Amino acid sequence: MHIQIKKFYYGDIPEENTGGSGNTEKHTNELSWPLWEVFIRSKQGLDHKHAGSLRAADAEMAVENARDVYTRRQEGVSIWVVESKHVHASNPDDAEMFYEPASDKIYRHPTFYDLPDELKHM
Amino acid sequence: MSVIDLEKAFQDKIDKEIKIEPKDWMPEAYRKTNLRQISQHAHSEIVGMLPEGNWISRAPSLKRKAILIAKVQDEAGHGLYLYSAAETLGTSRDQMVEDLNSGKAKYSSIFNYPTLTWADMGAVGWLVDGAAILNQVMLCRTSYGPYARAMVRICKEESFHQRQGFESLLVLSKGSQAQRDMCQDAINRWWWPSLMMFGPKDSESTNSDQSIKWKIKRKTNDELRQQFVDMIVEQVKLLGMTLPDPNLKWNEARKHYDFGEINWEEFWNVVKGNGPCNKQRLAARNKAHDEGAWVRAAALAYAEKRKNRLKTKAA
């Protein structure tokens, strides 16, 4: 399927219309800083939650950058960083098969059990 | 599944308001459009620091200086959220930075206008951030998950930008004649470029709008622009200032304000690189990037050295 997007909005100007040089020759062989995933605990008693990712040379810098990028307004009291390459994930293409075994076990939910109204504190 | 089935399943998901996540199958054009849009948005945040950074050392008070630094720091943060979102689509940060610095990638043309007086800081916050917010609020519901999440975060922070801008103009509007003149002059210069931020008119497009169908965007350029005009026309009254458009008039039938024709020749000229500050902005980005090269290399070398030292200790 070939779809051409002719319409453009703020922040979305097609490259053929920009008159840019298109020159990317100036390629340096500079090594990139690794990518890190950032997890933030917003307050004591809550889980760390994925906040986003960032680039940093090492773990210490990743924690400091995470503070500057993700907690400028006191959004956190604790930060975890994990290098993104260490995250293993389930495959969305297998989701149906992968999560299917749970779908027919409705007896795992309390609402499955029909009990008399007189029964209290349960 | 054939490509046609995959595309149908993809569109079904979009229609059911299920977000698309990085590892999900998506049409190549969807990936490319998002990548282009998110990276241009990220570049806009980064280049957007330049016109304001210009005034940090010249802010009229410590309070205004602290506010301006906080705002510029937010913009750096917004650029970083968006670069991360763009990276999930399979490009690298370095490639994006390189495309910006070479002039291949674009950023919002608004940042190619100069900030000539202190009142411009207010006008940029009120009008430019105001226009950006309308776009960004809509993008909080965009179909690509990482982009939508970045936008939610950005919108939370952005409202301070617009409010501080208006408040700063409000102070000027109550000041001396010279301050009031400066305020009006800034509004006069930023009004039309702000309207251009929403992009070409809807009627310029001949194709059916794929971005709307894919729910990358949920409103057209003209819809957003009209929303902006209606909003600003009311707000400017509180400043006791005027907008530089003799054709601005309430249209009772449309229940919207009519406004004059935008200078599209100017718009395309600035997009194509001939705006007042295009060259200056790119030069500033390239200079910063080049001069920072040794810092990036040193940080990596230090990280490597420490890693090796830990290894030796463990052995």
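The values are calculated or read from the model by the stated rules, or taken from the named source; none is laboratory data. From a predicted model like this one, the values you see are computed outputs, not experimental measurements. As a convention, Cβ positions derive from the backbone with ideal geometry for all residues, glycine included, and neighbour counts pool all protein chains shown. Protein only, heavy atoms only, side chains kept; ligands, DNA and RNA dropped before computing areas. Shrake-Rupley method; radii C 1.70, N 1.55, O 1.52, S 1.80 Å.
Remark: region B:1-159 projects, on average over all directions, an area of 10.1 nm² (convex hull of Cα atoms).
Suppose all protein chains stay in the model; what accessible area per residue would a 1.4 Å probe give for the protein assembly as shown, in Å²?
The answer is 54 Å² per residue.
Calculated translational diffusion coefficient of the protein assembly as shown (20 °C, 1.002 mPa s; Stokes-Einstein with Kirkwood radius over alpha-carbon pairs) equals 88 µm²/s.
Sequence-distant contacts, meaning Cα pairs under 8 Å at least 6 residues apart, place the relative contact order of chain B at 18 percent.
Evaluate the Debye formula for region B:1-45 with equal point scatterers sitting on the alpha carbons, no solvent, and hand back log10 of I(q)/I(0) at q = 0.16, 0.27, 0.30, 0.33 Å⁻¹, in q order, two decimals. Computed log10 I(q)/I(0) values: -0.50, -1.01, -1.10, -1.17. Across region A:33-122, Cα pairs under 8 Å and at least six residues apart give a relative contact order of 28 percent. Couplings for region B:226-242, taken from phi via the Karplus curve 6.51 cos²θ - 1.76 cosθ + 1.60 with θ = phi - 60°, read 5, 4, 5, 4, 4, 5, 6, 4, 6, 5, 5, 4, 5, 8, x, 10, 10 Hz in order; Gly and Pro are left as x.
Compute the Cα gyration tensor for chain B, then decide on rounded, prolate or oblate, letting a ≥ b ≥ c be the square roots of its eigenvalues: rounded whenever a/c is under 1.5, prolate when a/b is larger than b/c in the other cases, and oblate in all that remain.
Oblate.
A simple charge model with +1 on the Cβ of Lys and Arg, -1 on the Cβ of Asp and Glu and nothing else charged puts the dipole of the protein assembly as shown at about 1340 debye relative to its Cα centre.
Relative contact order for region B:22-158 using alpha-carbon pairs under 8 Å, separation at least 6, rounded to a whole percent?
The normalised contact order for region B:22-158 reaches 30 percent.
For region B:184-269, the calculated P(r) over all alpha carbon pairs, in 10 Å bins from 0 to the bin holding the longest distance, is 15, 45, 31, 9, 0 percent. At a temperature of 10 °C and a viscosity of 1.306 mPa s, determine how fast region B:95-158 diffuses translationally according to Stokes-Einstein, using the Kirkwood radius over alpha-carbon pairs as Rh; express D in µm²/s, rounded to the nearest whole number. Diffusion coefficient, whole number: 116 µm²/s. The calculated pair-distance distribution of region B:102-230 uses every alpha carbon pair, bins of 10 angstrom beginning at 0, and gives 12, 36, 34, 14, 4, 0 percent.
Summed over qualifying helices (DSSP H, 4 residues or more, each -39500 (n - 2.57)) and divided by its residue number, chain B shows a 222 nm mean residue ellipticity of -21000 deg cm²/dmol. Using +1 at the C-beta of Lys and Arg and -1 at the C-beta of Asp and Glu, which of A:TYR113, B:VAL233, B:PHE10 has the Cα lying farthest in the positive direction of the dipole of the protein assembly as shown? Of the options given, the answer is B:VAL233. Packing around the peptides B:246-259, B:184-197, B:267-280, B:162-175, taken as the average count of other Cβ atoms within 10 Å per residue, puts them in this order, highest first: B:184-197, B:162-175, B:267-280, B:246-259.
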